[in-house]
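What follows is a single structure, written as structure tokens, with notes after it.
Read-outs: derived from the displayed coordinates by stated rules, not from any lab. Quantities reported herein were computed from a predicted structural model and do not represent experimental measurements. Neighbour counts run over all protein chains shown; Cβ positions are idealised from the backbone, glycine included.
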Amino acid sequence: MKKQLLYSLTLIALMLVNFSFAQQNRTSSNPAPAKQLNKHGVNSPKKGTQAVITTTTSTCMSINLPAPATWSLVNYGTGTPIFADGFVNGPNIYGDREKAMYFDVSATANTMITQVYVGFDHAYSATPTKTVAVKFYDGTSLSPGAALGSGTLSMGTIMTDVSNNQYSLIIFPTPILLPASKRFFASVDISGLQWTSTVKDSLSIISNTDNQTIPSAAWEKWSTNTWYNMGSTSSWTLDISLLIHPFLHKLQSPLRLQLQVIQFVQDKALLITQQVQQVRVLTIGIMRQ
């Protein structure tokens, strides 16, 4: 069913500083509360950019990390007041089960996923032992297909990461192999969380703003277990990308792979320590009708 938008805005400093293979200082963003502005009936022109590869070496690659400077980072909420019905990219009253990003790396030589960053916000659960899975699916058919692999995070870990303005990180000791097409989906499974009248597990995956990724790279699995592109009129009509950042690598010996991943992340840390950006972080409410 079709959804409509409500808008709100806040300005924060995003410090991109020194992250390491040891899972420390993975700087992300943590927006503050903001006012709502009515955005009903606004028809914006469809202009934007696709998900892009932003950092590569001869053997390693991360996707959309750091987030492209052209992106305005947002949290989408649903209901009035904002977040009353939960989060567009998290648990909500509609019982959405997963939120995913589509990637096509067929132009590269990389063949496996070694780790993944996810930019969360608004993380809270009264039961911090609840878990959130990050899953990977074959994307050969351009919609989520066979499962490729997964990892899990506890809500307690995510809550700590958000409090520290860090990305949440999962490292795969056994890398996840890409399909032959090198098209895949990275999904956050929120089915273990609840948004009811009595239990409200709060979690939002940060995204860019509507129209900044066309066509939308974001997908969602409804309570019916059916997948929808989030840009479709059946879903939220949002052309966006989520802050889900896979790290890819070429297939090679395990020891050489480990050393090269460490060097890749160290080299990337040197680049990121030099960057301090002022970014507009929007909090946007959406009402599903």
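Given the residues 187, 191, 207, 181, which is the only one that is under 16 Å from residue 137 (Cβ atoms) and either among the β-branched types (Val, Ile, Thr) or buried (at least 23 other Cβ atoms within 10 Å of the Cβ) (or both)?
That would be 187, the only listed residue that is under 16 Å from residue 137 (Cβ atoms) and either among the β-branched types (Val, Ile, Thr) or buried (at least 23 other Cβ atoms within 10 Å of the Cβ) (or both).
Consider residue 135 carefully, then state whether it is surrounded by 23 or more Cβ atoms within 10 Å (Cβ to Cβ) and either without any contact (Cβ under 8 Å) to a residue 60 or more places away in the chain or closer than 29 Å to residue 251 by Cα (or both).
no
Starting from the range 196-215, take each residue that is more than 19 Å from residue 231 (Cβ to Cβ) and list its partners that are buried (at least 17 other Cβ atoms within 10 Å of the Cβ), counting only C-beta distances under 6 angstrom and pairs at least six apart or across chains.
Taking only residues 6 or more apart or on different chains, the pairs are 201/91; 201/125; 201/193; 202/122; 203/90; 203/123.
In the range 141-187, what residues are closer than 29 Å to residue 109 by Cβ, polar (S, T, N, Q) and not in a loop (DSSP other than H, G, I, E, B)?
150, 168, 174, 187
So, in the range 188-206, exactly how many residues are under 24 Å from residue 147 (Cβ atoms), part of a strand (DSSP E or B) and small (Gly, Ala, Ser)?
Here the count works out to 0.
Where residues in the range 113-132 are crowded, with 20+ Cβ neighbours inside 10 Å and of a type in the set (A, V, I, L, M, F, W, C), which of them is nearest to residue 199 (Cα to Cα)?
Per the criteria, the residue is 123.
Six or more apart or on different chains, Cβ under 7 Å: which pairs go from a residue in the range 222-245 that's of a type in the set (A, V, I, L, M, F, W, C) to one that's surrounded by fewer than 16 Cβ atoms within 10 Å (Cβ to Cβ) and in a loop (DSSP other than H, G, I, E, B)? Could you list them?
Hits for this filter: 227/143.
I'd like to know if the range 107-121 contains one or more residues that are among the acidic types (Asp, Glu) and touching a Pro at 6+ places or on another chain (Cβ under 7 Å).
Looking for residues that are among the acidic types (Asp, Glu) and touching a Pro at 6+ places or on another chain (Cβ under 7 Å), one finds at least one in the range 107-121, hence yes.
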